[in-house]
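Reading through the structure tokens given below for one structure.
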Amino acid sequence: MTRWHTLTESFADIPAAMRLTGLPAEPNDATLNERLLMMSSETTTEERAVPSYAGRQWWKEAVVYQVYPRSFNDSNGDGIGDLPGITEKIPYLAKLGINVIWLSPVFDSPNVDNGYDISDYFAIMSDFGTMEDFDELLATAHEHGIKILMDLVANHTSDQHPWFVQSRSSKDNPYRDYYIWKDPNGFDENGSPIPPNNWASEFGGSAWEWDEGTQQFYLHIFFKEQPDLNWANPKVREDLYAMVRWWLDKGVDGFRLDAINIISKPEGFPDDPSTDFEKHTSSIPFVIANGTMVHPWMKELNREAFSKYDVMTVGETSATSPEDAKLWAGYDAGELQMLFHFDHMGVDNDPEGSLGGKWSYAPYKLTELKRILNEWQTKLEGKAWGSLYWNNHDQPRVVSRFGNDSPEFRVLSAKQLATTPTFYAGNPLYLSG
């Protein structure tokens, strides 16, 4: 893939306040919302142009190995895996025949959710090393013909990110609208504030947290320490796109976008009819089904950042059908290149089990697993690029689920499952194809 545009912004062009604290420079008055409106019949073909992903692409033939840094390789004996430890193993990984590393989050983070709560997009978590260590990893990987895929969390940040610290400081702070704040839906008989709606967090309880200081709720689809960003604010998107370009300028080769299909929230924030707090349901499927702006924003992200580089982009998209996938990863959709879907991951789940969902096993039929995988392959053929995976950091071990983890058959079944060319720290992950 050739580069479609020349990027003029460099690290030196980013104001020091943004580099050192994570706060963006004063946004330009020309908003990205206005640019979205310009995508009409008056917009020229050249302005709308995005590369087609049909035909042969390097990322369609890549062998991807997920590295979870904390447990991968500890180089200094402190009990925590780190970036120098990954660099140390690059020659070994090259001998395995892999050519892409999917690096689980290494951004600075208080680590409430294993790094998926980012407090600074421009810094490395101290547990893992320094930015110099990252640069050495990147250079060493490239010397061995291995590309680096970063794990980007853009639906939310940590509550310790400078944007949120500013946002919650007062209602009139310039960063207030970087997150989703709502007034209470009244007060109960005890005087306690009632959340704006009944949305349920992925991790249990309400998806809304009361802020005593400003007397409003903020939205957190995940932990309360992970406030959702307000993608409807064009300044937020502008800052996120600038951050993506900064990393791509540094030389990273693409991104896996975490929970990317929940960035668009349903207009009006209506109640979720499926919420059942006793069963620990999540409102994520409701948000996904009813958000209306995710595709315009993905086209915008691609146009403003991804399409300018020769990169690999993978979206984590739960509650997504093959028809949805064509909108996300169609060869000419102008959004992402491929998706991780979850259809086959639910085939052995027991939603009524004591642990619920993926942690409660239900017997499944092999024919149903084959049907799901076949449906995705045939419906995307010639139209979009798919990805198949057995395992990753979010899923129970594949050998126990779809193999046999008894002493007699564990090794044999693991080798049979390991015929896919992408791995999670040595375990099969996914096949692009």
Top-ranked residue of region 270-296 - restricted to ones that are hydrophobic (A, V, I, L, M, F, W, C) and surrounded by fewer than 16 Cβ atoms within 10 Å (Cβ to Cβ), ranked as modelled with the highest pLDDT: 293
Selection from region 168-189 of residues that are of a type in the set (Asp, Glu) and farther than 14 Å from residue 230 by Cα: 172, 183, 188, 189
Residue check for residue 266: surrounded by fewer than 20 Cβ atoms within 10 Å (Cβ to Cβ) and not acidic (Asp, Glu): yes
Hits in region 198-216 (condition: in a loop (DSSP other than H, G, I, E, B) and touching a Ser or Thr at 6+ places or on another chain (Cβ under 9 Å)): 198, 199, 201, 202, 203, 204, 207, 213, 214
First in region 193-216 and closer than 22 Å to residue 173 by Cβ, second anywhere and hydroxyl-bearing (Ser, Thr, Tyr) and assigned to a loop (DSSP other than H, G, I, E, B), Cβ under 7 Å, 6 or more apart: 214/170
So residue 375, is it at pLDDT 90 or above, under 20 Å from residue 60 (Cα atoms), in contact with a Lys or Arg (Cβ under 9 Å, 6 or more places away or on another chain) and of a type in the set (Asp, Glu): no
Failed item in (1) assigned to a helix (DSSP H, G or I); (2) surrounded by fewer than 20 Cβ atoms within 10 Å (Cβ to Cβ), with residue 164 passing the rest: (2)
Sole exception among (1) among the charged types (D, E, K, R); (2) under 22 Å from the mean Cα position of the chain (by Cα); (3) at pLDDT below 90 for residue 310, by number: (3)
Hey, residue 329 in contact with a His (Cβ under 8 Å, 6 or more places away or on another chain), crowded, with 21+ Cβ neighbours inside 10 Å and either closer than 21 Å to residue 152 by Cβ or of a type in the set (Val, Ile, Thr) (or both) or not: no
Qualifying residue in region 83-100 (condition: touching a His at 6+ places or on another chain (Cβ under 7 Å), under 30 Å from residue 162 (Cβ atoms) and modelled with pLDDT of 95 or more): no
Subset of region 225-258 [in contact with a strand residue (DSSP E or B) (Cβ under 6 Å, 6 or more places away or on another chain) and among the small types (Gly, Ala, Ser)]: 254
Single match in 324, 350, 343 (criterion: more than 16 Å from the chain's Cα centre (by Cα), surrounded by 15 or more Cβ atoms within 10 Å (Cβ to Cβ) and more than 26 Å from residue 102 (Cα to Cα)): 350
Pick from region 76-117, criterion in a loop (DSSP other than H, G, I, E, B) and among the acidic types (Asp, Glu), ranking: nearest to residue 136 (Cα to Cα): 82
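The values are calculated or read from the model by the stated rules, or taken from the named source; none is laboratory data. Nothing here was measured: the structure is a model prediction, and the numbers come from that model. Positions of Cβ are generated from backbone atoms using ideal geometry, with glycine treated the same way; all protein chains shown enter the neighbour counts.
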